[in-house]
Every structure is written in C-alpha cells, then in structure tokens.
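Everything on this sheet refers to the single structure shown next.
The values are calculated or read from the model by the stated rules, or taken from the named source; none is laboratory data. Values in this document were obtained by computation on a predicted structure and should not be read as measured data. Ligands, DNA and RNA are stripped out before the accessible areas are found, and what is left, the full protein with its side chains, is counted by its heavy atoms. Shrake-Rupley method; radii C 1.70, N 1.55, O 1.52, S 1.80 Å.
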Amino acid sequence: LYFADTHQNVARLFESFSAALVYKMLYGIAGNVKYERAQTLADCLSKLYKFDRKLIQECMRNAVQRINIASLDPNPAEFLEFFLSADGKHQRINACLDWFVACNRYQRSHSF
C-alpha cells in the first residue's frame with residue numbers, strides 16, 4: 001500500500017512539473033551549458049522519456065517551440081524527429097548532443 005501511494009505521488013509531481021523540467025533540460029542542451037552538463041541533461045531527458053513517452057514527447061514539442069534558437073544541422077524539428085524515433089538510450093543521447101553542437105555552432109556564428 002505504501003508503494004502504491006508513493007508511486008501515485010511521484011506520478012502527480014511528474015505530471016505537474018514535467019513541462020518545466022523538459023524545457024529547462026532542452027534550454028540547457030540548446031547550447032546554454034557546457035558539453036559535460038549537456039551529456040547529463042541528455043541522459044536525464046532520455047530516462048524521463050522512457051518513463052512516460054507520451055507526456056515527454058508533448059513537453060518536448062512545446063519546449064522546442066519556446067526555445068529561441070535556429071540551429072541548422074540538425075534544426076529543432078529534425079532534432080525532435082531524431083530523438084523521438086531513436087531506438088535506445090544511446091541514440092537519444094547522441095541526438096541531444098548533436099543538437100547541442102549545432103546550437104553552439106549557430107550561436108558562435110551569430111555572435112561578435
């Protein structure tokens with residue numbers, strides 16, 4: 001009985017804060033943290049996605065639209081496609097890190 005209550009509480013918290021968590025993770029991965037931190041965020045995002053694919057997919061679509069970055073290769077839509085179609089954890093993490101590199105490249109090319 002205790003486990004069931006705990007699981008329900010965690011599920012409620014997750015539903016309440018998942019959009020903010022995913023946004024913050026993607027914001028960081030979009031070139032706003034160092035590479036090592038981006039790896040950690042990518043791993044965490046992959047684990048959250050495995051926990052609740054439908055909810056995280058929706059949160060990711062919304063978050064990518066809110067993040068003001070125009071990376072080119074991959075662009076935000078391609079990143080989402082790569083991440084959501086990935087077969088496993090390592091492919092999802094690689095999709096995130098590819099987007100991190102693309103965002104960094106874009107930011108460097110558009111700054112003085």
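In the chain, Cα pairs under 8 Å separated by at least six residues give a relative contact order of 32 percent. Could you work out the percent of alpha carbon pairs in region 24-112 separated by over 24 Å, rounded to a whole number? Pairs farther apart than 24 Å: 10 percent.
Leaving out ligands, DNA and RNA, and with a 1.4 Å probe, what % of the accessible surface on region 1-82 is carbon or sulfur?
On the way: 3040 of 5520 Å².
With neighbouring chains kept in place, the figure for region 1-82 is 55 percent.
Computed with a 1.4 Å probe over protein heavy atoms only, the accessible surface of the chain comes to 66 Å² per residue. Helix 2-27 and the longest principal axis of the Cα set of the chain meet at an angle near 10°.
Taking the three principal axes of the alpha carbon atoms in region 57-105, the coordinate ranges are 27, 24, 11 Å, sorted in descending order.
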